[in-house]
1. Collect the residues in the range 43-67 that are at pLDDT 85 or above and surrounded by fewer than 14 Cβ atoms within 10 Å (Cβ to Cβ), keeping them in residue-number order.
2. Can you pull out the residues in the range 260-306 that are among the charged types (D, E, K, R) and within 20 Å of Phe177 (Cβ to Cβ)?
3. Would you confirm whether or not the range 226-241 contains a residue that is acidic (Asp, Glu), over 14 Å from Gly141 (Cα atoms) and at pLDDT 95 or above?
4. Exactly one of (1) over 29 Å from Thr51 (Cβ atoms); (2) in a loop (DSSP other than H, G, I, E, B) is unmet by Phe177. Its number?
5. Which of the residues belonging to the range 121-148 are surrounded by fewer than 21 Cβ atoms within 10 Å (Cβ to Cβ) and of a type in the set (A, V, I, L, M, F, W, C)?
6. Could you check, for the range 182-205, whether at least one of its residues is modelled with pLDDT of 95 or more and surrounded by 15 or more Cβ atoms within 10 Å (Cβ to Cβ)?
7. If we keep just the residues of the range 119-171 that are on the phi < 0 side of the Ramachandran plot and among the basic types (Lys, Arg), which is modelled with the highest pLDDT?
8. If you take the residues in the range 75-99 that are within 16 Å of the chain's Cα centre (by Cα) and surrounded by fewer than 18 Cβ atoms within 10 Å (Cβ to Cβ), which one is farthest from Lys62 (Cα to Cα)?
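The values are calculated or read from the model by the stated rules, or taken from the named source; none is laboratory data. Here the structure is a predicted model, which is why all the values come from computation and not from measurement. Reconstructed Cβ throughout: ideal geometry from the backbone, glycine too, with neighbour counts over all protein chains shown.
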Amino acid sequence: MTPKILDGSKAKYIYFPEEQGTIISRSLYATLYIGANADTKEKVVLKKISTAMFGNDAQRFKFFATVCNEVKIDGLVSIEDMIFDGSDIYLVCEFVAGRTLKELIYDPKYLDYRNDIFFMRIIENCLETLTFIHKLKLCHGNITPENIIVQWDDCEEFDFLHPTAKILSIESIKLGFKNMPLIRRISNTLYQSPEQVIGFEDLVGDYSDIYSMGLIMYEALAREPVFPADKPIVKRQQVFGKIAQHYRISDEAHAIIEKATVRPLPFVPGAISDDAQKLMVLKALNDRYQSAEAFKNDLEKLIENL
């Protein structure tokens, strides 16, 4: 196989684009490869994304590049370099040894109810990271179980008492509650909030990340998603009504999920104006957790009482 060398601002990086074993994931607008620093041989993740994601919005791209360079926190997969290669951008990300939360949720090894606390601690970990991001007046905008990496040690074992999770995929990050366009070419929209689904971009902010984390908490405890990917869903299902309780989820845990995922109540079928829909969404936002920290605090109390 022929290697490809990328010349970054901090180092040179090497990977094998035609070797299937080096591909972590692939979507319409991004492909993740396992690569390495050409000098140190240290593993990195190379995220190849197309500049077409940003269209002609130079301001949006400048903001994205600034965030990649300046926002550093343990709970986010760090961006170590950025490389431009024709119409492609390569984000050189730290390599995190572990598995995605999505993989863990559906691994038969972890189906036992006794692992619920492990999953709740992962959610708690992510909420701590989101609290930091939100205090910077930013929102992630694309929180999914695939975008959460749970780290393991050198023996490929997890710390069940104090799991460490890292959030990746920050292409959709934006200034909260500003009319800044989100990257709409997200392959997985099943975790988007009602305000994202409808397109009220000025309402997309920290409450939207809180909503996504509520859906993820449901999935982690139920071991199935709110909206199954293999079944067709309509916009109305994603936007209106309460999240139904699941037999695997306790009343106390469901109450937390319900508070995180408040959505507009269903309206009488018929025409409804954008302004009326916006008012309904605003009411839902006011009824959700007002911060990721408040969500985390309630989750901590639940864990302590188990």
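1. In the first step, residues of the range 43-67 are kept if they are at pLDDT 85 or above; the result is 43-48.
Once the filter is applied, which keeps residues that are at pLDDT 85 or above and surrounded by fewer than 14 Cβ atoms within 10 Å (Cβ to Cβ), the range 43-67 yields only Lys43.
2. Arg263, Asp274, Asp275, Lys278, Lys283, Asp287, Arg288, Glu293
3. The first filter runs over the range 226-241 and keeps only residues acidic (Asp, Glu), leaving 230.
The next check asks that each one be over 14 Å from Gly141 (Cα atoms); those that pass are 230.
Okay, now just the ones that are also at pLDDT 95 or above, so none.
No, the range 226-241 contains no residue that is acidic (Asp, Glu), over 14 Å from Gly141 (Cα atoms) and at pLDDT 95 or above.
4. Only one criterion in (1) over 29 Å from Thr51 (Cβ atoms); (2) in a loop (DSSP other than H, G, I, E, B) is unmet by Phe177, namely (1).
5. Phe132, Leu136
6. Initial filter on the range 182-205 (modelled with pLDDT of 95 or more): none.
Among the residues of the range 182-205, not one is modelled with pLDDT of 95 or more and surrounded by 15 or more Cβ atoms within 10 Å (Cβ to Cβ), which makes the answer no.
7. Pass one, the range 119-171, residues on the phi < 0 side of the Ramachandran plot: 119-136, 138-140, 142-155, 157-168, 170-171.
Then drop every residue that is not among the basic types (Lys, Arg), which leaves 121, 135, 166.
Values: Arg121: 98, Lys135: 93, Lys166: 95.
Looking at the filtered set, the residue picked out is Arg121.
8. Arg99
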